[in-house]
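Student: Sharing a structure below in structure tokens format, with a few things to ask.
Derivation of every value follows stated rules applied to the coordinates shown; laboratory data play no part. Model, not experiment: these values are computed from the prediction. Glycine also receives a Cβ, built like all others from the backbone with ideal geometry; neighbour counts cover every protein chain displayed.
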Amino acid sequence: EDQVTQSPEALRLQEGESSSLNCSYTVSGLRGLFWYRQDPGKGPEFLFTLYSAGEEKEKERLKATLTKKESFLHITAPKPEDSATYLCADSGAGSYQLTFGKGTKLSVIP
Amino acid sequence: DTGVSQDPRHKITKRGQNVTFRCDPISEHNRLYWYRQTLGQGPEFLTYFQNEAQLEKSRLLSDRFSAERPKGSFSTLEIQRTEQGDSAMYLCASSLGEGGRRYEQYFGPGTRLTVT
């Protein structure tokens, strides 16, 4: 059964303190690895799709990377507005459904 | 492009009542998905449509749940005889059917269901 595990569950950072979030997945035949941001009471907001090991994508202070069984979301010099829950999801061959992890709740303190 | 919209945003109902939610996908997207999310968890897949055809259903989707997409545009999710365990955020997402970004799913704001 496909499993997506995210760590840590929660992370508190000082403004400007860089860090990384981890996502490990077990699906065979990865079709895509997805990162979303979710603010309280709202739907997930799409950030990145990664398709193959070695791929990297960047957007402002965020960079996502992919290995064969893990993905990392690096946050450089975070600001308080980056505070949110970050969700990772995968999709395997033969299915279009996404399997999500439980998320990492990021708090950036001014 | 106005994004995925969902209606209502909030619904409070009594146990045993039926409820129906609506989702309008991004206009050029021909795939539509329903997910359910409870507090502290990631979204869980319920079902998926390509145009009007329902192609995948999760085992989470009990007989009390039914979804339709009659003309391949908007979709409805109905829950019959609601139970307290149905309380959750119901999320709709859509994606393009082809092209390099066809696997990217874009979510709506969700419908928060509370069963009392």
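Student: Which of B:Gln80, B:Gln17, B:Gln50 ends up with the largest GNM mean-square fluctuation for chain B, with Cα atoms connected below 10 Å?
Tutor: Taking springs between Cα atoms under 10 Å, the residue moving most is B:Gln17.
Student: Now for a different question. What residue among B:Glu68, B:Glu44, B:Glu98 has the largest mean-square fluctuation in a Gaussian network model of chain B, using Cα springs under 10 Å?
Tutor: B:Glu98
Student: A follow-up question, please. What lysines does A:Lys63 reach when the alpha-carbon gap must be under 25 Å and sequence neighbours fewer than 8 apart in one chain are set aside?
Tutor: Answer for A:Lys63, where 25 Å is the Cα cut-off: A:Lys42, A:Lys79, A:Lys102, A:Lys105, listed by chain and number.
Student: Looking only at B:Leu60, B:Leu46, B:Leu96, which one moves most when chain B is put into a Gaussian network model with springs between Cα atoms under 10 Å?
Tutor: B:Leu60
Student: Return a whole-number percent for the relative contact order of the stretch B:1-83, with Cα pairs under 8 Å and 6 or more residues apart as the contact set.
Tutor: 32 percent
Student: Starting from 0 in steps of 5 Å, tell me what percent of the Cα-Cα pairs of the stretch B:19-100 lands in each bin.
Tutor: Computed distribution, short to long bins: 3, 15, 27, 26, 16, 9, 3, 1, 0.
Student: Would you please calculate the Kirkwood hydrodynamic radius of the protein assembly as shown over all C-alpha pairs and express it in Å, rounded to one decimal?
Tutor: Over the protein assembly as shown, the inverse of the mean reciprocal pair distance is 18.1 Å.
Student: Beyond 18 Å, how much of the Cα-Cα pair distribution for the stretch A:8-110 remains, as a whole percent?
Tutor: For the stretch A:8-110, the fraction of Cα-Cα distances above 18 Å is 44 percent.
Student: Starting from the Cα of A:His74, step 7 Å along the direction of its Cβ; do the same at A:Ser28; then give the gap between the two resulting points in nm.
Tutor: 3.3 nm
Student: Using the eigenvalues of the Cα gyration tensor, what equivalent ellipsoid semi-axes result for the stretch B:59-116 when each is taken as the square root of five times the eigenvalue, whole Å, largest first?
Tutor: 26, 14, 10
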